[in-house]
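**Student:** Handing you this structure, nothing more for now.
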Amino acid sequence: MAGKLCVEVFMEGRSHLLIGLTAGVVLDSMIHLSGDPLTMAKAVPLVLIVRKAVYYGAVGFGALLPDIDNAHSIIGRKFGPISKEIQHLAGHRTLFHSILGLVLGSLLAMGLERLVIYLLGQRGFELPAELISTSHLVFVGILFGCIMHILADALTIGGVPLLWPIRKRYGFPPSAKWRFRTGSWPEFVIVWGFMILVALAIWQSIIII
Ligand SMILES: [Zn+2]
């Protein structure tokens, strides 16, 4: 019952994760943030694997982050009391689904990037740590994930309050009647349609990962 109720209120975390990671593949194929494409590399060095793992980890985290304002979401359950407090103060799909939220998310992403560099350095992964600090892999990944989350929520009937604390909600298409209800079949079609398209593009080498 509780699960069903949640599904109706917000887009599923799993959908956000899949959209974020798939879009992350597209972004990476354009700017090669995580290093050389695996399909082109003659040998796959450990450094490259660490970079790819860190990049996709950052994108996935960013794709879930805006729902920190919902205590029932995947990320909300991890951050229990913090997330309850945010939900209590601002409400779900408010602060963290706005431009202000993206600014806060960027600050958090900068902090986490420093943390990842430190942790990698400590474990003897000096080279990946160095590469992350020059490419800002973690920062870009988290921010990109957050943006994809907000864009995906903008496709739903509820829209997103981009200019929060102003309450007006924005969405695409602008008329809410063309947008879909969260947890309904169009969400499924959009998520899987997008993944299949990207998979086809990878297969056709239009996108290289
Ligand atoms: Zn959301």
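The values are calculated or read from the model by the stated rules, or taken from the named source; none is laboratory data. In this text the structure is predicted, and so the values were computed from the model without any measurement. Cβ placement follows ideal geometry from the backbone for every residue including glycine, while neighbour counts extend to all protein chains displayed. Accessible surface is based on the protein model in full, side chains and every heavy atom, while ligands, DNA and RNA are left aside. Shrake-Rupley method; radii C 1.70, N 1.55, O 1.52, S 1.80 Å.
**Student:** List, please: which pairs have Cβ atoms under 9 Å, are six or more places apart or on different chains, and start with a residue in the stretch 116-133 that is in contact (Cβ under 8 Å) with a residue 12 or more places away in the chain and end with one that is in a helix (DSSP H, G or I) and basic (K, R)?
**Tutor:** Filtered contacts from the stretch 116-133: P128/R51; L131/R51; I132/R51; S133/R114.
**Student:** Counting only residues that are surrounded by 11 or more Cβ atoms within 10 Å (Cβ to Cβ) and either hydrophobic (A, V, I, L, M, F, W, C) or part of a strand (DSSP E or B) (or both), how many does the stretch 157-203 have?
**Tutor:** Total satisfying the criteria: 24.
**Student:** Sticking with this one: How many residues, within the stretch 81-97, are open to solvent by less than 40 Å² (accessible area, probe 1.4 Å) and either out of contact with any helix residue (DSSP H, G or I) (no Cβ under 9 Å at 6 or more places or on another chain) or within 11 Å of the ligand (Cβ to nearest atom) (or both)?
**Tutor:** The number of residues fulfilling the criteria is 5.
**Student:** Go through (1) within 16 Å of the ligand (Cβ to nearest atom); (2) under 23 Å from R169 (Cβ atoms); (3) at pLDDT 85 or above one by one and return the number of the condition S106 breaks.
**Tutor:** (1)
**Student:** Of all residues being within 16 Å of the ligand (Cβ to nearest atom) and open to solvent by 20 Å² or more (accessible area, probe 1.4 Å) in the stretch 33-70, which is farthest from E12 (Cα to Cα)? Just the residue, please.
**Tutor:** Only one residue fits best here, namely F61.
**Student:** Before we move on, is G76 under 25 Å from T156 (Cα atoms), touching a Pro at 6+ places or on another chain (Cβ under 9 Å) and surrounded by 14 or more Cβ atoms within 10 Å (Cβ to Cβ)?
**Tutor:** No.
**Student:** Out of curiosity, is E126 open to solvent by 90 Å² or more (accessible area, probe 1.4 Å) and either within 16 Å of the ligand (Cβ to nearest atom) or not polar (S, T, N, Q) (or both)?
**Tutor:** Against the criterion (open to solvent by 90 Å² or more (accessible area, probe 1.4 Å) and either within 16 Å of the ligand (Cβ to nearest atom) or not polar (S, T, N, Q) (or both)), E126 qualifies.
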